[in-house]
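J.: My structure is below; once you've seen it, I'll send some questions.
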Amino acid sequence: MDSPKTHIIIVTYNAMKWAEKCFSSLRKSSVPVKTIVVDNGSTDGTQDYIQRNFPEIDFIQSPENLGFGKANNLGIEKAYKEGADFFYLMNQDAWIFEDSIQKMIDVYENYPNKGEIGIISPMHLDGSEQKLDLHFENYLGKYAKNNRLISDLYTENSKPYYEIDFVNAAHWFLPKQSIEEIGGFNPYFFYGAEDYDYIHRAKFHHKKVFIATQAKVVHDAFQGFLKPNHIDKEEARQESLRMQRETRYLNPNIVFDVKREKKEFYSNIIKLAIKGNHAESKFYKEMFSFFKPKFETFEKLRKQVKNERHAFLNLEKS
């Protein structure tokens with residue numbers, strides 16, 4: 001019997017800072033992998049560097065910046081048509097260790113009900129390789145009351161895997177069945193919140209998200225919650241509120257009623273104005289103007305997510 005095929009999919013955009021560590025690490029994997037890179041229009045020489053130094057990589061040059069989700073979808077489609085059994089979605093600012101992929105395959109192979117597995121995530125270290133990535137650690141802490149993972153790690157009594165509600169898409173290991181049932185990333189999201197949306201859809205399909213405690217990887221991301229180029233805290237708060245609404249509106253697990261949403265906006269706008277909070281009332285007016293023309297799009301996308309097999313992907317072999 002042939003061993004399962006693992007395809008790694010990486011979307012690049014000006015990745016030179018990490019390219020050597022990222023792609024060199026894949027060569028050292030104890031599990032043979034095939035790598036597909038989808039470049040979103042880098043301007044720092046990423047394309048030439050990859051093709052010159054890593055000729056084994058299947059390189060796709062997008063003519064435009066498709067965003068994180070749509071670019072990943074291109075890679076997923078190609079990997080599927082090439083017969084991939086496992087799909088490993090990995091950020092450009094990341095790298096793996098020799099046994100990282102094998103440890104996640106072990107979790108998959110040893111889990112009794114494989115049809116429940118939606119996503120397996122390894123443990124994310126930061127760029128120093130000495131501490132957990134700050135965002136990853138935040139997710140572990142947020143959901144620790146349900147799985148007691150942190151206590152088990154502290155007492156050196158951890159299990160091979162734990163269920164968790166959410167983990168970001170810097171390192172996602174997905175079996176073929178997840179791709180076939182959940183589909184690809186929602187193209188509505190250019191960048192940001194596409195992983196929340198995908199996990200909502202995984203849960204709609206009765207899939208679970210797991211942390212593989214023995215699998216370690218690196219995510220060399222900015223270790224903070226407010227990016228240096230996004231120093232306006234109020235602007236960041238408003239952006240977050242808009243994104244939260246987008247993911248809620250597209251979440252197939254909850255009811256989306258346009259009339260109710262419009263009523264809520266009107267109510268908030270009026271109440272905040274009466275209370276004298278005119279800045280916040282103005283923000284809700286602006287947010288309503290932003291969302292009002294999108295409500296029909298949300299309804300169409302929700303139907304697509306609920307009714308189509310492998311939504312947002314073309315998996316037909318030519």
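The values are calculated or read from the model by the stated rules, or taken from the named source; none is laboratory data. Since we're looking at a predicted model, the values are computed, not measured. So basically every Cβ, Gly included, is an ideal-geometry build from the backbone, and we count neighbours across all protein chains shown.
J.: Does PHE312 satisfy the condition of being surrounded by 14 or more Cβ atoms within 10 Å (Cβ to Cβ), within 30 Å of GLY75 (Cβ to Cβ) and either among the small types (Gly, Ala, Ser) or not assigned by TED's automatic domain parsing to the domain that holds PHE190 (or both)? Show your work before the answer.
T.: Working: surrounded by 14 or more Cβ atoms within 10 Å (Cβ to Cβ): yes; within 30 Å of GLY75 (Cβ to Cβ): yes; either among the small types (Gly, Ala, Ser) or not assigned by TED's automatic domain parsing to the domain that holds PHE190 (or both): yes.
For PHE312, the condition - surrounded by 14 or more Cβ atoms within 10 Å (Cβ to Cβ), within 30 Å of GLY75 (Cβ to Cβ) and either among the small types (Gly, Ala, Ser) or not assigned by TED's automatic domain parsing to the domain that holds PHE190 (or both) - is met.
J.: Of all residues being assigned to a loop (DSSP other than H, G, I, E, B) and of a type in the set (D, E, K, R) in segment 17-53, which is farthest from LEU66 (Cα to Cα)? Just the residue, please. Outline the logic, then answer.
T.: Taking segment 17-53 first, the residues assigned to a loop (DSSP other than H, G, I, E, B) are 17-18, 28-32, 40-45.
Applying the additional criterion that residues be of a type in the set (D, E, K, R) yields 17, 28, 44.
Values: LYS17: 21, LYS28: 30, ASP44: 17 Å.
In this case the residue turns out to be LYS28.
J.: Let me ask something additional. Of all residues in segment 180-221, which are small (Gly, Ala, Ser), outside any helix (DSSP H, G or I) and closer than 25 Å to LEU66 by Cβ? Break it down into steps so the answer makes sense when it comes.
T.: The initial filter retains those residues of segment 180-221 that are small (Gly, Ala, Ser), namely 183-184, 192-193, 202, 212, 215, 221.
Adding the requirement that they be outside any helix (DSSP H, G or I) leaves 183-184, 192-193, 212, 215, 221.
GLY183, GLY184, GLY192, ALA193, ALA221 - these are the residues of segment 180-221 that are small (Gly, Ala, Ser), outside any helix (DSSP H, G or I) and closer than 25 Å to LEU66 by Cβ.
Yes or no, residue by residue, for (1) assigned by TED's automatic domain parsing to the domain that holds ASN91; (2) in contact (Cβ under 8 Å) with a residue 40 or more places away in the chain; (3) over 15 Å from PHE166 (Cα atoms):
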position	(1), (2), (3)
GLU180	yes, yes, yes
ILE199	yes, yes, no
PHE204	yes, yes, no
GLN214	yes, yes, yes
VAL218	yes, yes, yes
ARG237	no, no, yes
LEU241	no, yes, yes
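J.: If you don't mind, there's one more thing I want to ask. Test LYS114 against the stated conditions and say whether it is of a type in the set (D, E, K, R), surrounded by fewer than 20 Cβ atoms within 10 Å (Cβ to Cβ) and within 16 Å of PRO4 (Cβ to Cβ).
T.: Working: of a type in the set (D, E, K, R): yes; surrounded by fewer than 20 Cβ atoms within 10 Å (Cβ to Cβ): yes; within 16 Å of PRO4 (Cβ to Cβ): yes.
Judged against the criteria, LYS114 is a match.
J.: Among the residues of segment 90-119, write down those that are in a helix (DSSP H, G or I), charged (D, E, K, R) and under 20 Å from SER30 (Cα atoms).
T.: First, pick out the residues of segment 90-119 that are in a helix (DSSP H, G or I): 100-110, 114-116.
Cutting the leftovers down to charged (D, E, K, R) gives us 103, 106, 109, 114, 116.
Passing the criteria: LYS103, ASP106, GLU109.
J.: Right, next: Might you let me know whether segment 79-93 holds any residue that is at pLDDT 95 or above, surrounded by fewer than 18 Cβ atoms within 10 Å (Cβ to Cβ), more than 16 Å from the chain's Cα centre (by Cα) and not acidic (Asp, Glu)?
T.: yes
J.: Moving on. If you check GLU239 against the conditions, is it of a type in the set (D, E, K, R) and modelled with pLDDT under 95? First the steps, then the outcome.
T.: Numbers: of a type in the set (D, E, K, R): yes; modelled with pLDDT under 95: yes.
So GLU239 passes the test.
J.: While we're here: Just to verify a result, which residue in segment 1-16, among those that are within 19 Å of PRO175 (Cβ to Cβ) and in a loop (DSSP other than H, G, I, E, B), is farthest from the chain's Cα centre (by Cα)?
T.: The extreme case among them is MET1.
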